Every structure is written in structure tokens, then in C-alpha cells.
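Remarks on the structure that follows.
The values are calculated or read from the model by the stated rules, or taken from the named source; none is laboratory data. As the structure is a prediction and not an experimental result, all values here were calculated from the model. As a convention, Cβ positions derive from the backbone with ideal geometry for all residues, glycine included, and neighbour counts pool all protein chains shown. Side chains are part of the model used for accessible areas, which takes the heavy atoms of the whole protein and leaves out ligands, DNA and RNA. Shrake-Rupley method; radii C 1.70, N 1.55, O 1.52, S 1.80 Å.
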Amino acid sequence: MIETTADLEAACKELAKSEFITIDTEFLRETTFWPELCLIQMASPTTEVLVDPLAKGLDLKPFFELMANPAVLKVFHAARQDIEIIYNRGGLIPHPIFDTQVAAMVCGFGDSVSYDQLVSRTKGVQIDKSSRFTDWSRRPLSEKQLDYALADVTHLRDVYLYLKAELAREGRSSWLREEMDILEARDTYDMHPDDAWQRLKMRLRKPQELAILKFVAAWREREARSRNVPRSRVLKDDAIYEIAQQQPKDAEALGRLRTIPKGWERSAAGIAVVEAVNAALALPKAEMPHAPRQTQPPEGAAAAAELLKVLLKLISEKHGVAPKVIANSEDLDRIAAEGERAEVAALHGWRRELFGEPALQLIQGQVALRFVGKKVETVAL
């Protein structure tokens with residue numbers, strides 16, 4: 001267990017000699033807005049280390065320098081939360097990266113395959129996951145916790161090498177690179193508070209309601225970040241929806257809402273919410289947000305979407321790629337309704353070659369689906 005900056009610097013220098021390293025983190029987030037980093041696990045083909053970020057006086061600068069080193073590939077499984085932590089703590093996004101969960105979907109292991117399933121299917125090893133939900137902030141960590149944590153990066157080395165070989169064999173390495181570009185984009189992790197309303201389900205349609213939703217959600221986002229508490233601890237989603245619909249212009253009106261605790265309307269937070277409501281209502285109509293137009297899909301689009309689902313299943317099984325990586329149900333609906341004009345990932349890059357072109361040909365009547373010998377196949381018309 002590394003607990004000093006000098007030891008961390010020495011370990012990172014050793015790890016930097018390798019072409020790739022595997023990385024995982026253990027953290028807590030139940031009571032905070034920002035994840036509380038509790039443990040860092042790293043491994044190269046020759047080195048395995050555990051780092052205690054809670055150790056007194058430990059400076060993580062050598063770790064962040066390693067994450068920024070372009071000569072070392074950083075291998076994660078389900079990388080998004082780990083990268084979010086590194087971005088928030090170190091102000092950088094690791095580069096280059098390889099996400100084994102995404103690679104596994106491209107290689108036909110199914111949608112969002114878990115790490116233990118992937119290790120089992122590639123190495124025939126069963127991982128003890130009983131320590132997964134333990135309190136990683138308590139010290140000292142048990143031997144069982146340390147063994148579990150280290151296994152998250154030691155087996156990952158072999159998983160990476162297996163998937164790398166599979167991608168090369170199938171000629172799909174460039175497919176994964178497109179997905180990693182998204183994971184390496186700052187916009188993926190740095191949502192501006194003014195955009196926080198987009199996290200909420202669009203139950204509302206009126207411009208005034210949406211303006212209030214936007215202003216109150218932005219206030220909650222800033223408040224949660226500054227206090228480092230979960231958003232729901234500041235104000236629950238249902239309360240934001242009710243505030244947007246009822247539009248309380250003063251504390252008295254706010255206090256009458258069903259979702260507001262008694263007396264909360266007189267707190268500093270309640271006053272801030274009322275101010276946000278009034279600021280939203282004061283916006284000129286031209287500056288108020290608008291919900292996306294709900295256009296009526298053309299006749300037959302629903303049936304076309306069902307055919308596209310069959311085609312997607314057919315192609316994903318044929319090529320050994322998880323359907324989720326190629327297209328989701330919303331993509332299929334848009335292709336069915338808009339055809340070539342649909343702005344979806346399935347009509348770009350490798351997805352278009354694999355699925356997008358056959359999908360367009362299907363809805364244009366250039367190919368058909370038929371059931372032959374207990375299986376579905378495409379036939380040119």
C-alpha cells in the first residue's frame with residue numbers, strides 16, 4: 001500500500017516504462033456530490049500497486065502526471081466514473097484510454113458486460129465480489145478488501161490483451177477508437193450548471209415551465225457542488241417539477257406546495273428558489289427555452305421501426321456486436337421516420353457501414369426480410 005508521495009513517484013516512474021497499465025478506483029458517493037476517492041489500483045505487466053489517497057500528506061501529482069502521459073495506454077473497465085474522478089481531482093482526462101467494457105460490446109460479449117463476467121468468460125476465473133460494497137474510507141482496509149481491489153487490475157491485464165487481439169483479428173480497432181473519443185471529451189464530464197435541467201425528464205412543455213425548470217435546476221446544481229452533497233439533498237426532482245408547474249412567486253406560495261417541507265420556504269434555500277422562479281418568469285418570451293417539437297411520424301414509421309429492430313438483431317448476431325453499441329430504440333424510430341436525414345450515430349462511421357446502409361435500404365424497399373429455415377435473412381429486391 002503506497003502512502004507517501006516519494007513511494008508514489010517511484011511507482012509511477014516504474015509503471016510509465018510499460019506500454020499499457022490497468023487502472024481502477026474505489027470511491028464513495030452516497031453522501032457527497034463529488035466522489036470521495038478512497039483507493040487507486042494500478043498494474044502493468046510487471047508491477048502491481050495500491051495507492052491510499054486518504055494517507056496524510058500524500059500528493060497525487062505523480063499519479064496525475066502518469067494519467068497525462070501519452071506514451072502509456074490506460075486500460076479501464078467501465079471507465080466513465082473513474083475518469084470523472086481523475087478529471088475532478090486532477091483537472092485532466094487520461095489519454096490514451098482503452099475501455100474493456102466497450103471493447104467487449106464491440107467483440108460480441110453483450111450489452112454492458114460486468115468485469116467479473118468478462119474475467120470469467122475470457123480467463124475462466126471466478127472473482128469474489130463480496131467486498132464490492134464495503135466502506136472503502138475506513139482504515140485499515142482488510143486483506144480481503146485489498147485482494148479484491150488488486151484483482152480488479154491484475155485480471156484486467158489479460159482481459160485487455162485478449163480483447164486487443166480480438167479487435168485486431170476482426171479489424172475493429174478503429175471502431176473502439178471512435179468510442180474512446182467520446183470518453184476522452186471534456187464535455188462528457190464537465191456539464192455547466194445552466195445545462196443541468198437537461199438531466200431531468202422532459203415532463204413539461206410550456207416555455208415558462210421550462211424556464212423555471214432550467215433556473216431552479218441550475219441553482220440546485222451550484223448549491224450541491226458548493227456544499228458537496230447529492231442533488232437530492234438540496235431539492236428533489238419532484239419538487240422542481242412542482243415548482244415549475246405551480247410557479248410560486250413568493251415564500252407563502254412556495255410553502256403551499258406538496259413537495260416542500262414545512263418551514264423550508266423561509267430558509268435561505270427557499271428564498272433562492274423563489275428568486276430563481278421570478279428571474280425565469282422575467283425572461284423575454286424569445287429567450288425562454290422550448291421543448292423539442294413532437295412531430296407526428298409519417299404513416300408506417302412504427303411498422304418500419306419494428307422491422308429495423310429485427311434487422312438490428314440479425315446484424316448484431318451475425319457480426320458479434322452488442323446491439324446497444326450500434327443503435328438504440330430512439331435511433332431506430334428516427335431512421336424509420338426521417339430516413340437519411342436522421343442525425344443519429346447509426347448513420348455515421350463504422351455503424352453506417354455495418355447497419356445504417358442496410359437499414360436505409362430496408363425502409364426504402366431495396367431489401368426485404370424473410371424467414372427461411374428457422375432463421376431470418378435479408379434478400380435484395
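Structure values in brief
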item: The range 301-380, dipole about Cα centre (Lys/Arg Cβ +1, Asp/Glu Cβ -1), debye to the nearest 20; result: 360 debye
item: For Phe20, distant residues with modelled amide H under 5 Å away; result: Leu73
item: Estimated dipole of the range 193-282 in Debye, rounded to 20 [Cβ of Lys and Arg +1, of Asp and Glu -1, Cα centre]; result: 280 debye
item: Amide proton proximity set for Val367, modelled H, under 5 Å, gap of 5+; result: Leu362, Leu381
item: Under the Karplus curve 6.51 cos²θ - 1.76 cosθ + 1.60, θ = phi - 60°, whole-Hz ³J(HN,Hα) for the range 313-325, x wherever Gly or Pro sits; result: 4, 4, 6, 5, 5, 5, 9, x, 10, 4, x, 4, 6
item: Heavy-atom accessible surface of the range 193-282: percent carbon and sulfur, 1.4 Å; result: 46 percent
item: Solvent-accessible area per residue, Å², over the range 1-72 with all protein chains present [probe radius 1.4 Å]; result: 45 Å²
item: Fraction of beta bridges assigned by DSSP in the range 5-188 that are antiparallel (%, nearest 5); result: 65 percent
item: Relative contact order of the range 156-260, defined on C-alpha pairs under 8 angstrom at six or more residues apart (%); result: 20 percent
item: Full-stretch length increase - Ala16, Lys375 - with 0.36 nm per residue and alpha-carbon distance subtracted; result: 124.2 nm
item: Charge dipole magnitude, Cβ of K and R +1, D and E -1 - the chain, Cα centre, debye nearest 20; result: 980 debye
item: Virtual spin-label span in nm between Ala78 and Glu343, 7 Å along Cα→Cβ; result: 3.2 nm
item: Residue among Tyr87, Ser44, Pro207 farthest towards the positive dipole end of the chain, charges placed on Cβ; result: Pro207
item: Computed FRET value (nearest 0.05) for Thr5 with Thr134, which takes r as the C-beta separation and R₀ as 25 Å; result: 0.40
item: In Hz, Karplus ³J(HN,Hα) per residue of the range 131-138 (6.51, -1.76, 1.60; θ = phi - 60°; x = Gly, Pro); result: 8, 4, 9, 7, 7, 7, 8, 7
item: Label-point gap, in nm, between Ser226 and Ala55 - each point 7 angstrom along Cα→Cβ; result: 3.6 nm
item: Simple spin-label estimate for Arg258 and Ala165 in nanometres, 7 Å along Cα-Cβ; result: 6.0 nm
item: DSSP beta bridge pairing in the chain, given as percent antiparallel to the nearest 5; result: 70 percent
item: Sum of -39500 (n - 2.57) over DSSP H runs of 4+, divided by residues of the chain (222 nm, nearest 500); result: -14500 deg cm²/dmol
item: Whole-Å distance, taken between Cα centres, linking the range 304-338 and the range 31-83; result: 37 Å
item: Overall dimensions of the chain by Cα: Rg and Dmax, Å; result: 25.0, 71
